[in-house]
Structure formats: C-alpha cells, structure tokens
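The values are calculated or read from the model by the stated rules, or taken from the named source; none is laboratory data. Just so it is clear, the model here is predicted, and its values are computed rather than measured. Quick reminder, even Gly has a Cβ in these numbers, built from the backbone with ideal geometry, and neighbours come from all protein chains shown.
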Amino acid sequence: MMSQPQRHSSFQIIEGSMVGGGGMRGKRGRVMTKAMDKAAAQRQKRMIKNRESAARSRERKQAYQVELETLAAKLEEENEQLLKEIEESTKERYKKLMDVLIPFSKRL
C-alpha cells in the first residue's frame, strides 16, 4: 500500500515540491515538478550566459581603459613637445623684434 503525501492545510507536498489544492495527486504533480525543473534549468542557463556576458563586458571595458590611458600618455607627450616649440618660437620672435627695435651696432 502506497503512503499518501502529507497534507498541510490546503497544500500537498508532492515529490519534494509544494503544490496548492487538495485534489492534485500523482501525474499532475510530476508534470509540475518537471516544469519547475525545466524552468530552473532555463534560469540556470540564463545565469551562466549572463555571467559570461558580464565577463566579456568587463574585458572590453578594461581594454578600452588601457587604450584611453595610452592615448592620454601620447597626448601629454605631444602637448609637452608643442609647448616647447611655442616657447622656442616666442624666443625667436622676441629676438627678431629686439633686432629691429635696437640695431646691432647700438647694443655693443
């Protein structure tokens, strides 16, 4: 003789899962359990895909950050070079201006 599932208020425990209603026994409980197992498997599959996607996203972000840092270093070097060129150009212009304003013979 098979034992009946335990009853708690209006719920039954069928094959390890709780299903509402007093008239659900046997096959229907197994079908619901299979559906819940399928849903759990799908949820697990989604979670794994999401983790993989997040990992790829972090890798892309890190690569982008390295690219930006490299670009920033290059631009800083270029800026430094341009500032030196401006300073040299300014000195040359100042020298030429002084040559025009104060002739060479008077400076001696």
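List of remarks:
- Some residue of region 91-99 being among the hydrophobic types (A, V, I, L, M, F, W, C), modelled with pLDDT under 90 and in a helix (DSSP H, G or I): yes
- Between Glu15, Glu59, the distinction of being modelled with pLDDT under 95 and surrounded by 10 or more Cβ atoms within 10 Å (Cβ to Cβ) belongs to Glu15 only.
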